[in-house]
Amino acid sequence: MPGGEVDGVRDEYPLFARDAYPLLRHDRPDALFARRLGQPMSVRRFLSDVAALSAALPCHGHVVNLCADRYRFAVGLAAALSRRQVTLLPPNDTPGTLKELAEDFVDLYCLSDNGPTPLPLPCMAYPEELGEMPASAAPLVPAAQRAVLLFTSGSTGRPKPQAKSWGTLVRSALAAGNDLGVGALHGATVIGTVPHQHSYGLESTVLLALQHGLAIHAERPFYPSDIRAALAAASRPRLLVSTPIHLRALLAEAVDPPAADLVISATAPLSRALAVEAEARFGAPLREIYGCSEAGQLALRETARETAWRCLEGVALRQDERGTWATGAPVETATLLQDVIELSGPRRFLLHGRTSDLVNIAGKRTSLAHLNHQLTAIEGVRDGLFVMPEESGERVTRLVAFVVAPGMTVAAILRALRRRVDAAFLPRPLMLVDALPRNFMGKLSREALLQLALRNGSASRPK
């Protein structure tokens, strides 16, 4: 909540020069902090749970917070901060990934609320009863304190850590909330279809709530019926944090979703048509966020009305021969972005897809992001993806496409594509599938695409 006084500390927004930041910014101890299993959880209860869990945590330096319950995850994150423990947020919680992390961080342990599971590292179960602990005010956390380690895929295949200080996380959340206009939604409930262990979910369902006086919805609805039920159960104002794949599935159903007051989307490009439909059926503005795990959230746009992105307050972009760099107070360190970006002003730009998505066929260039956009814009196509197979000898490599389009034929889809893309980029083959093997963030791994290609009889291996 920009402006005012928090725990006796005068808040001057933007807080880009502070040495410490409050753990949360709620104006009253009895204010709603979260709703869990249908029950309200107050700010006082949250701070008490943080104090109790902090006292119970083992004396380690690093923790993997695997709590599926978003409220418990927030308590665990705050408790770790109070003990100066760094929270690791890996790309997945498979035994192989956790084993690699345990090798790299010898003092690592796991905090989980999923019951006893065989994990390759010490594990603490989130206590069912934490008891009452005195906690009258939100503590201040040093801005320079390392808070989390996010992980991206390294060049060797081993997850590569991206360190984020508490100051960076807070400055980013403050800038995002200010530009999203959540100040007008004081006390809104944040309902997220995305996991909080990943950068987008952490920023938009946990940190946004902590730093702007919003309430956390503890559960993570996934299916359309669950999302509708979660929205209907939350009082207004309410905010939906989602992805294009979840929005597309929700809006594909004839039943209109309950009204929202703000819809946020990220993780993949959102078509203008889907944004327009979402705004009409939710009765709310939709804002799309651009960012990455390395640099965090960087920009947003009103996709239904504009194609250009505008940087969040404090974020700056600069270009050199290597590409585009993100800098500024909400960014931990200068970061080279892996996207093709066309600057159109000091804080505005156009996004042309990933540098790794650029394809060159028969001397013609385009991006996979552009092709995917054209494919999914065809009426009747629910989902689709172009893939560039590995180069094979001197033959011209042809693109492959997987399409989810019940009731449509390959010929009909290709006819529609011919009106949208150059013939050089028509897929050979185009394969109809029941569904794309997307993960919980709506993304597709190279391994999943390879398995999909093999199941559908394609000898081509995706890059």
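Values for this structure:
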read-out: Efficiency of FRET between ARG419 and ARG83 - r from beta-carbon atoms, R0 41 angstrom, step 0.05; value: 0.10
read-out: Cut-off under 5 Å, modelled amide H: who pairs with GLY384 long-range; value: VAL404
read-out: Distance (nanometres) between label positions extended 7 Å along Cα→Cβ at ARG28 and ALA254; value: 4.5
read-out: Full-stretch length increase - ALA233, ARG348 - with 0.36 nm per residue and alpha-carbon distance subtracted; value: 37.6 nm
read-out: Centroid-to-centroid separation of segment 52-66 and segment 239-260 [C-alpha atoms, Å]; value: 36
read-out: Peptide ranges 320-331, 256-267 listed from the most packed, as the mean C-beta count within 10 angstrom indicates; value: 256-267, 320-331
read-out: Chain lengthening between THR355 and ALA435 when straightened (0.36 nm per residue, less Cα-Cα); value: 26.1 nm
read-out: Under the Karplus curve 6.51 cos²θ - 1.76 cosθ + 1.60, θ = phi - 60°, whole-Hz ³J(HN,Hα) for segment 371-379, x wherever Gly or Pro sits; value: 5, 4, 4, 5, 5, 6, 7, 5, 4
read-out: In degrees, nearest ten, helix 95-104 long axis to first principal axis of the chain (Cα); value: 60
read-out: Helix 70-82 axis, angle to the chain major axis (alpha carbon atoms, nearest 10°); value: 60
read-out: For segment 5-351: relative contact order, % (alpha-carbon pairs under 8 angstrom, 6 or more apart); value: 15
read-out: Per-residue HN-Hα couplings for segment 241-254 [Karplus 6.51, -1.76, 1.60; θ = phi - 60°; Hz; x = Gly/Pro]; value: 10, 8, 9, x, 5, 6, 5, 4, 5, 5, 7, 6, 8, 5
read-out: Lysine-lysine proximity count for the chain, Cα under 21 Å, sequence distance 8 or more or distinct chains; value: 5
read-out: Simple label model, 7 Å out from Cα along Cβ direction - ALA411 to ALA55, nm; value: 7.5
read-out: Alpha-carbon centroid distance for the pair segment 170-230 / segment 85-126, whole angstrom; value: 25
read-out: Cysteines in the chain lacking a second Cys C-beta under 4.7 Å; value: CYS59, CYS67, CYS292, CYS311
read-out: Sum of -39500 (n - 2.57) over DSSP H runs of 4+, divided by residues of the chain (222 nm, nearest 500); value: -7500 deg cm²/dmol
read-out: FRET efficiency for ALA137 and GLU302, using Cβ-Cβ distance with R0 set to 45 Å, rounded to 0.05; value: 0.75
read-out: Between 0 and 90°, nearest 10: helix 272-282 axis offset from the chain longest Cα axis; value: 40
read-out: Nonlocal amide H pairs with ALA299, under 5 Å, H built at 1.01 Å; value: TYR290, LEU312
read-out: Antiparallel %, DSSP beta bridges [both residues in the chain], to 5; value: 60
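Read-outs throughout are calculated quantities, based only on the coordinates presented, and are distinct from any laboratory measurement. The model shown is predicted, which means the values in this text are computed figures rather than measured ones. Ideal geometry is used to build each Cβ from the backbone, glycine not excepted, and the neighbour counts take in all protein chains shown.
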